[in-house]
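Colleague: So that we are looking at the same thing, I have put the structure below in C-alpha cells.
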Amino acid sequence: MVALYNPTKASVEETLLNELSPDVPWALIERFTTLVRESGSDDEKEAAQYIVDQLKALGVPHEVYNPDLFLSVPVKSSLVVNGKTIRAKSPSFSISTGPEGVTGEVIYLPSTSSAALDLLDVAPVSDVDVAGKIVLLEGFGGPPPVRAFEQKGAIGQIYINPGVDIHWGICTTIWGAPDLDNFHRQPKTPVVSISNPDGQALIEQLKNGPVTVTLHTELKEGWMPCPVIVADIKGTEEPERFVLVHGHYDSWDVGIGDNAVGDATLLELARIFNLHKDKLARSVKIAWWPGHSTGRYAGSTWFADYFGLELARNCIAQVDIDSPGCRWATEYYEVSWMKETEEFCKQAIKDVTGLDSEGERPHQAGDYSFNNIGISGFFMLLSEMPRELRKEKGYYPVGGCGMNIAWHTENDQLEIADKDNLMRDLRVYVATLQRVLNNPLHPFDFRLLGAEFQETLTSYADAAGADANFQPAFDALSELQVALEALYSKSSQLINRPVTDSAVRAYNDAILELGRELIQINFTRQGAFRTEPAVKIPPLPDLAPAKQLAESSGHMRNVIRTHLLRGVNRVAWSFENATKIAQRAVAKIEG
Ligand SMILES: [Zn+2]
C-alpha cells in the first residue's frame, strides 16, 4: 500500500508531545470530584464555568452556547415487594409513576445469553405473554429490550444488574432531541434497575408462587438550558477545514472515569494546540457537551443539527474522547475506529506508545452523532484494563472507565483516574490530531472500507441465497474499488506538496466527499441530517435483513425481499456516486 502519511512534521509532533503536562488536566479532575454534573443542574453550570475560566486564562478562543436540551433526569425510584422497599434506580426516560406507583404481577424471563449486558443489542426473543405484567430480566435495561417489552404490553420493567451496585443508564431509543420521525418512540412505562442480590431474592420468591410488586419512579423531564463549550483554534494554511474533538462533561454523579478524565484531556489539548497554533495547517474545534447521559447525546446532537451544513462542508474527522486515562487501563484492544482510519490510528498509537492496538467498528453510542452527515470518526473509549485482569477481578462488561465496574455508579471517584495512563493516552490524541491537521493528504484509506464492503456484501448475499439479487451492489463496488485505486495511486506524487496545492485540495475534497457517501450508507438508514435510533446498527444496514430471509416465509418473506431490493438500489447508487467522486478527483489532479 502507498504511504499516506508524510512524517516531515515529525518535529512539530515532538514539540507538541514535549509540551504535555499533567498540571492543567489533573487540576480539572480534582475540581470535578466536587461537582455532581447532572445536566441542567447548578453543578453542571459550575463545571462549564470552570472550563471557560481555564480557556480564558490560557487565551484559547471559544464560544459558549446555551441550547434547550430535552432531558430526563432520575430523581428517585424504588421497588416495593411484599411491603418491603428495595433500592432501585430508573434509567433516563422511564416515565414517572406518581406517588401511587404502578402495581402488577411479576413475570421473570431468564436470559439465555450474555447479550442482556449489551446495551444496544436486540431484545431477548420471548413468546411469553407479558401483557399487563411487570417483566423481570437480567441486564442493564438498554433501549432495545425496553422498547420491545413495552410494545408487547408490559406495564413495567425491572432489570437485574450483574453486580452489587446499580448502574445508571438511559432507555430511550431516540437520539438527541426528538423530531416528528421519532418522538412517538419515547418510553411510556416505568423502568427500574436493581442490584443482583435483590434480583436473585426476587427470583427465589417467584418459585413459591405469583408475586405482586409496585414500581415507584420519579424523574424530572423537559427542555432545559445547558452550556455547550466550543474552543476554536485556527490553522494557518487551510483554516476553514477542521477536526472536531469532543467529549461530554455532564456525568452520572461526579463521574471521574466517565468523563472528567475526558474533559481534562480536551482542556490539555486546547492548551497545547493553542500554544502552537502557528504550527497547525488546519483548524481544530474542541467541544465539551452537556446532555450526554440524560439526553442520549443531546449536546453533540444539538451541535450536529445547528452546525450541520458547516460540518458537512468542512469537517475532516470527528474524535470522541470518553473515559481515557483510567486506573489499570494499559492496553488498546477494543478501540473504536471507522475502517478508513484503522491503519492510520494503529500507526500513530504504535509510534507514540510502542503498543500494538486492535479496534472495531464504532458502536451506535457515545457521541457519534455525526454519522448521518458522513464524517470519518476514530476513538470513543480508548485504553482498557487487560482482559486477564478483568477476569481476575470478576468484572463484567461495562461501557467506560477503562472497563472498571465503577462505571455509572457512585464509585466512579478520583481513584478511578490514573495520571500515567492519562498522559500516555494524551500522547495518542496529540499524535493523531497533529497528523490530520498537518499532513498534506487526509490519511484515511477508503480502500480498506471497500474491502470491508466486499466481505459485508458476501456475507449478506450468502445468507439470502437465490432469493435476493445482490449483483448490482457487487458490480458497483467493483467499479468503486477500481476508482479508489486510481485515486490512491496519486498519493505518492502529492504527499510532499503543500497543503494549499490545488491537486492536494482536489484529493482531500474527494476524501471528505467519499466519507459523506460511504459512511452514511454504512452506518445510517435515515439519511443526512437526520438521526438513527440508539440500537445496534449492522454494517450496510439496508441489507442486513438478508440474515432473516432464510427463516422467513409467506408474506414476511416477500416483505423482506422488497426491503432488500430497495436496499440494494440504495447501496449500489451510493457506490456509483462514490465512484464518480473518485474519478472526478483523478481528472482534476491530472488537470
Ligand atoms: Zn461517557
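No value in this document is a laboratory result; all are computed from the given coordinates. Since the model is a prediction, treat every value here as computed from it, not as a measurement. Backbone-built Cβ (ideal geometry, glycine too); neighbour counts: all protein chains shown.
Colleague: Could you give me the radius of gyration and the Dmax of the stretch 43-82, taking only the C-alpha atoms into account and expressing both in angstrom?
Modeller: 17.9, 61
Colleague: Now a separate question. Bin width 20 Å, alpha-carbon pairs only: give the P(r) of the chain as whole percents, running from 0 to the bin holding the largest distance.
Modeller: 20, 53, 25, 2, 0
Colleague: Normalised radius of gyration for the stretch 243-284, please: alpha carbon Rg relative to 2.2 N^0.38 Å, two decimal places.
Modeller: 1.38
Colleague: At 7 Å along the Cα-to-beta-carbon direction for both Thr8 and Asp129, put a label point, then send me their distance in nm to one decimal.
Modeller: 7.5 nm
Colleague: Something else about it: Can you give the Rg to Rh ratio of the stretch 148-199, both from alpha-carbon atoms, with Rh computed by the Kirkwood formula?
Modeller: 1.05
Colleague: For the chain, what is the calculated [θ] at 222 nm in deg cm²/dmol (nearest 500), taking -39500 (n - 2.57) for each run of four or more DSSP H residues and dividing by its residue count?
Modeller: It comes out at -12500 deg cm²/dmol, rounded to the nearest 500.
Colleague: Test of understanding: what is the full-extension gain from Leu58 to Lys220, defined as 0.36 nm times their sequence separation minus their Cα-Cα distance?
Modeller: Full-extension gain reported as 54.7 nm.
Colleague: In whole angstrom, how long is each semi-axis of the equivalent ellipsoid of the stretch 322-437, when you take the square root of 5 times every eigenvalue of its Cα gyration tensor and sort them from largest down?
Modeller: Listed largest to smallest, the semi-axes of the stretch 322-437 are 23, 17, 13 Å.
Colleague: Projecting each Cα onto the charge dipole of the chain (Lys/Arg +1, Asp/Glu -1 at the beta carbon, about the Cα centre), which of Tyr50, Ala544, Phe93 comes out farthest on the positive side?
Modeller: Comparing the listed Cα positions along the dipole, Ala544 ranks first.
Colleague: Taking the 0 to 90 degree range and rounding to the nearest ten, how far is the long axis of helix 342-353 tilted relative to the main principal axis of the chain, both from C-alpha atoms?
Modeller: The helix 342-353 is inclined about 90 degrees to the chain.
Colleague: Among Pro227, Ser376, Leu71, whose Cα lies farthest out toward the positive end of the dipole of the chain, if unit charges sit on the beta carbon of Lys, Arg (+1) and Asp, Glu (-1)?
Modeller: Ser376
Colleague: Rounded to the nearest 20 debye, what is the charge dipole size of the chain about its Cα centre when +1 sits on each Lys and Arg Cβ and -1 on each Asp and Glu Cβ?
Modeller: Dipole size: approximately 840 debye.
Colleague: Rounding to the nearest 10 and keeping the result within 0 to 90°, find how far the Cα-based axis of helix 196-206 lies from the longest principal axis of the chain.
Modeller: 40 degrees
Colleague: Can you tell me the relative contact order of the chain? Whole percent, Cα pairs under 8 Å, sequence separation 6 or more.
Modeller: 17 percent
Colleague: Per residue and in cubic angstrom, what volume does the convex hull of the Cα atoms of the stretch 411-477 have?
Modeller: Measuring per residue, one finds 161 Å³ for the Cα hull of the stretch 411-477.
Colleague: Hey, another quick one. Rg/Rh for the stretch 343-395 to two decimals, with Rh computed the Kirkwood way over all alpha-carbon pairs.
Modeller: 1.05
Colleague: How big is D for the stretch 475-517, in µm² s⁻¹ as a whole number, if Stokes-Einstein is applied with the Kirkwood radius of its Cα pairs at 25 °C and 0.890 mPa s?
Modeller: The diffusion coefficient I find is 219 µm²/s.
Colleague: On a 0 to 90° scale, report how tilted helix 502-523 is relative to the longest principal axis of the chain, with both axes built from alpha carbons and the result rounded to the nearest 10.
Modeller: In the chain, helix 502-523 runs at an angle near 20 degrees to the longest axis.
Colleague: Assign unit charges at the C-beta atoms only (+1 for Lys and Arg, -1 for Asp and Glu), then state the dipole size of the stretch 11-100 relative to its Cα centre in Debye, rounded to the nearest 20. Mind showing how you got there, number by number?
Modeller: Values: 8 positive and 14 negative charges, 157 e Å.
Computed charge dipole of the stretch 11-100: roughly 760 debye.
Colleague: Still on this model: So what's the projected area for the stretch 207-335, the Cα convex hull averaged over all directions, in nm²?
Modeller: 13.1 nm²
Colleague: Here's another thing I want to ask about it. Calculate the spin-label point distance for Lys188 paired with Ala451, positioning each point 7 Å from the Cα along the beta-carbon direction, and give it in nanometres.
Modeller: Going by the 7 Å Cα→Cβ label model, 4.9 nm.
Colleague: Taking N as the number of residues in the stretch 359-490, what is its alpha-carbon radius of gyration divided by 2.2 N^0.38 Å?
Modeller: Normalised Cα radius of gyration, the stretch 359-490: 1.44.
Colleague: Consider all pairwise Cα distances in the stretch 441-540 and report the whole-number % of them above 17 Å.
Modeller: In whole percent, the long-distance tail amounts to 60.
Colleague: Which whole number in µm²/s is D for the stretch 365-412 by Stokes-Einstein, with the Kirkwood Rh taken over Cα pairs at 37 °C and 0.692 mPa s?
Modeller: Rounded to a whole number, D works out at 262 µm²/s.
Colleague: Right, here's the next one. Have a look at the stretch 144-238 and give its Rg and Dmax from the Cα atoms, expressed in angstrom.
Modeller: Final numbers for Rg and Dmax: 19.8, 74 Å.
Colleague: Restricting to the chain, what percent of DSSP beta bridges are antiparallel, rounded to 5?
Modeller: Here the share of antiparallel DSSP bridges comes out near 55 percent.
Colleague: Against the globular-protein guess of 2.2 N^0.38 Å, express the Cα radius of gyration of the stretch 32-181 as a ratio, rounded to two decimals.
Modeller: It is 1.30.
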